[in-house]
Amino acid sequence: MLCDTVGRKITYLRISVTDRCNLRCTYCMPEEGVPLLDHSKILSFDEITEFTRTAVSMGIVKVRLTGGEPLVRRGIIELVGRIASIEGISDLSMTTNGQLLSLFAKELRQAGLSRINISLDATDPVRYSEITRGGDVQKVFEGIRSALEAGLEPVKINCVVAHSREEKDARDVAAFAAENGLQVRYIQTMDLHKGNFGIVDGGDGGDCPKCNRLRLTATGKVKPCLFSDLEYDLRTLGAKNALEMAVQNKPKRGGHNTTGEFFNIGG
Ligand code: SAM
Ligand code: SF4
């Protein structure tokens with residue numbers, strides 16, 4: 001059992017499998033993209049799987065794969081299969097932008113993924129393309145359909161808003177979700193560096209006293225809090241030590257993060 005110094009039980013691990021992405025959302029990535037990391041810096045499937053196995057043996061029961069865009073990591077189906085075969089995980093999910101989802105939904109389900117969150121901030125094709133700098137909203141709709149057909153349920157929508165769910169784009173997303181039986185979580189645009197964050201409307205993120213999360217970055221840093229620079233390196237400390245140190249030092253409340261970005265921590 002992983003329990004931190006203020007009594008929070010840590011049961012949820014979010015794994016960023018890549019910091020590459022096929023979109024450039026305005027609130028997440030610079031237009032020109034980000035420097036590509038050397039391959040040797042990125043955790044291998046063996047390293048991710050072994051780390052997850054250790055985390056599960058210590059009390060993690062819920063695992064989410066994220067990124068960057070997890071579906072651009074080569075071999076992602078194999079990785080899902082390897083993680084799904086770890087005994088003790090009761091909920092294995094993924095967060096994706098949905099651009100490639102129609103190609104992968106069935107295989108993801110067969111490999112053992114339980115469910116999926118899909119990011120969708122606008123249903124209008126022009127607005128969607130503006131926000132994501134070039135994304136195709138039709139691809140997201142196809143991806144959602146494929147996810148439902150494959151039984152990756154519940155399908156949840158992540159909708160980033162400037163301030164509230166009453167904005168035009170968010171209302172469009174709400175109407176689309178209602179028509180298709182999808183749940184929506186509205187996430188206020190956060191600023192890691194300034195430390196601006198709030199409780200996710202319809203979800204459970206951003207609520208420090210209830211936080212049960214740890215994060216693993218694509219380069220092997222175990223992070224106890226999105227809004228903190230603290231990180232413990234898996235490769236130098238080993239999985240068990242890195243996990244224990246992250247839990248022991250998990251901040252009571254989020255502050256700000258001067259070194260990381262959404263695309264490399266995974267949101
Ligand atoms: N590429 C995938 C996607 O977009 O779903 C997974 C990674 S993305 C970093 C995970 C989530 O973080 C997405 O739902 C995205 O909308 C959210 N996100 C990214 N930047 C954000 C920001 N500045 N404020 C709030 N949410 C953000
Ligand atoms: Fe890519 Fe997701 Fe960031 Fe958009 S939010 S740029 S899809 S990682």
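All of the numbers you see were taken from the coordinates with simple rules; none came from a lab. Please read these numbers as outputs of a predicted model, since none were measured by experiment. Neighbour counts run over all protein chains shown; Cβ positions are idealised from the backbone, glycine included.
Of all residues in the range 178-210, exactly one satisfies the criterion of being assigned to a loop (DSSP other than H, G, I, E, B) and of a type in the set (S, T, Y), namely T189. Could you please let me know if G202 is near ligand 1 (Cβ under 10 Å from one of its atoms) and touching a strand residue (DSSP E or B) at 6+ places or on another chain (Cβ under 7 Å)? Criteria not met by G202. Within the bounds of the range 72-91, is there any residue that is within 16 Å of ligand 2 (Cβ to nearest atom), in contact with a strand residue (DSSP E or B) (Cβ under 6 Å, 6 or more places away or on another chain) and over 19 Å from E244 (Cβ atoms)? No, that holds for no residue. Taking the range 217-267 and the helices (runs of 4 or more DSSP H) fully enclosed by it, the elements with 1 or more residues that are touching a residue at least 12 places away in the same chain (Cβ under 8 Å) and closer than 19 Å to V6 by Cα are at 239-248. Tell me, yes or no, whether the range 12-35 has at least one residue that is more than 14 Å from ligand 1 (Cβ to nearest atom), over 15 Å from the mean Cα position of the chain (by Cα) and among the polar types (S, T, N, Q). No, there is no match, as no residue in the range 12-35 is more than 14 Å from ligand 1 (Cβ to nearest atom), over 15 Å from the mean Cα position of the chain (by Cα) and among the polar types (S, T, N, Q).
Kindly indicate whether A242 is closer than 17 Å to I10 by Cα and in contact with a Pro (Cβ under 9 Å, 6 or more places away or on another chain). Answer is no for this residue.
Consider Q183 carefully, then state whether it is without any contact (Cβ under 8 Å) to a residue 60 or more places away in the chain, more than 16 Å from ligand 2 (Cβ to nearest atom) and among the polar types (S, T, N, Q). Yes. The set of residues from the range 56-88 being under 17 Å from the mean Cα position of the chain (by Cα) and either under 20 Å from M1 (Cβ atoms) or charged (D, E, K, R) (or both) comprises I60, V61, K62, V63, R64, E69, R73.
If the condition is being more than 30 Å from D136 (Cβ to Cβ) and without any contact (Cβ under 8 Å) to a residue 40 or more places away in the chain, then the range 1-35 contributes only G7.
Screening G134 with (1) surrounded by 15 or more Cβ atoms within 10 Å (Cβ to Cβ); (2) within 16 Å of ligand 2 (Cβ to nearest atom); (3) over 18 Å from G202 (Cβ atoms); (4) in contact (Cβ under 8 Å) with a residue 60 or more places away in the chain gives one miss only, at (1).
Among the residues of the range 115-131, those that are of a type outside the set (A, V, I, L, M), more than 13 Å from ligand 2 (Cβ to nearest atom) and touching a helix residue (DSSP H, G or I) at 6+ places or on another chain (Cβ under 8 Å) comprise T123, D124, P125, R127.
Listed here are the residues, each with its yes/no results for (1) surrounded by fewer than 20 Cβ atoms within 10 Å (Cβ to Cβ); (2) away from ligand 1 (no atom under 15 Å from the Cβ); (3) part of a helix (DSSP H, G or I).
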| position | (1), (2), (3) |
| --- | --- |
| R127 | yes, no, yes |
| R145 | yes, yes, yes |
| I157 | no, no, no |
| V173 | no, no, yes |
